[in-house]
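Have a look at the structure below before the remarks.
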Amino acid sequence: MNLITCKTMKKLSSLLASLIYNKIYRDFYQKKKRLMWGANPSSAVVQFAEFLMAKGVNEAFVLDAGCGEGRHAVYLAKLGFKVYGIDISSVAIEKAKKWITEAGVEYKVTLETGDVTRIKCKDYVFDVVIDINTINFIANKRKYLAEISRVLKPEGYFFLKILSDKNKAHGISKLEVNKLLNPFFKILRIEELEEVWEGIPQYQYKIFAQSLQPS
């Protein structure tokens, strides 16, 4: 009975999150009449893609965790990567599906509406994972990172762009970032950057990490 209740609560939690984010996207589209995150990839993802290609892994299988409307999935697919994108919002995923078809990269990209803390994939399937501000909005961050560690190959690359604690909401301190990542990943590089979204300054950490070998 407790197990059934636990599973039911998890499903309800995911459903509630989906409803919330679907409303956020719909409200934005109604007001702004455009994509929430724009048509261009983050400059940080462009830099990371260059890093991967320099390492000779430009045909890697990439998980885009919290892919939103698909801007990074489209960009990476055009470079030759195979991409699996997952997002809690079915509204965002529908936009992404339309975009990958229009871009002619649907054969390179698989998209799914789902919970990034419960990814429907086998262990150690991805060469690379990217997370662009997804972790900031996940309640159980440790569970999420354990799940990323499960699906990422040993020594696979994990790239994150995280809102820092300089932001008024949702930010994570550098100390907490290290504590969260260290059980699962080796941090190769961490940098600070400042961006602007919708006229609001966004203070970020840009993190290059690598999955640890399973013990």
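Please treat every number below as a calculation from the coordinates, not as lab data. Computed from a prediction, not measured in an experiment: that's the story for all the values here. Neighbour counts run over all protein chains shown; Cβ positions are idealised from the backbone, glycine included.
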With 10 Å bins from 0: P(r) over segment 2-211, alpha-carbon pairs, percent: 8, 34, 40, 16, 1
Gain on full stretching of the segment that runs from Glu155 to Asp123 - 0.36 nm per residue minus C-alpha separation: 10.2 nm
In segment 45-131, which chymotrypsin sites (Phe, Trp or Tyr not before Pro) fall in coil by DSSP and have 12 or fewer other Cβ atoms within 10 Å? Tyr107
The set of residues whose placed amide H lies less than 5 Å from the amide H of Val129, leaving out same-chain residues fewer than 5 positions away, is Leu63, Tyr157, Phe158, Phe159
Once normalised by the length of the chain, the mean sequence separation of its alpha carbon contacts under 8 Å that are 6 or more apart gives a contact order in percent of 15
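What are the DSSP H helices in the chain that stretch 15 Å or more along their long axis, judged by alpha-carbon atoms, and whose average Kyte-Doolittle hydropathy comes to at least 1.0?
43-54
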Taking DSSP loops as anything outside H, G, I, E and B, show the longest stretch in the chain free of trypsin sites (Lys or Arg not before Pro) there with at most 13 other beta carbons within 10 Å. 56-117
Extended-chain gain in nm, criterion 0.36 nm per residue less alpha-carbon gap, Tyr203 and Ile24: 62.3 nm
Once label points are set 7 Å from the Cα along Cα→Cβ at both Met53 and Ala146, what is their separation, rounded to one decimal in nm? 3.8
Using r as the Cβ-Cβ distance of Leu212 and Ala39, and R0 as 41 Å, what FRET efficiency do you calculate, to the nearest 0.05? 0.70
Linear extension gain, Leu175 paired with Tyr107, 0.36 nm per residue minus alpha-carbon span: 20.4 nm
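Per DSSP H run of at least 4 residues, take -39500 (n - 2.57); add these up for the chain, divide by its residues and hand me the 222 nm value, nearest 500 deg cm²/dmol.
Dividing the helical sum by the residues of the chain leaves -12500 deg cm²/dmol.
Not counting the cut sites, what is the longest span of the chain without GluC sites (Glu not before Pro) that DSSP labels loop and that have at most 13 other Cβ atoms within 10 Å?
Longest site-free region, per DSSP loop and neighbour criteria: 60-197.
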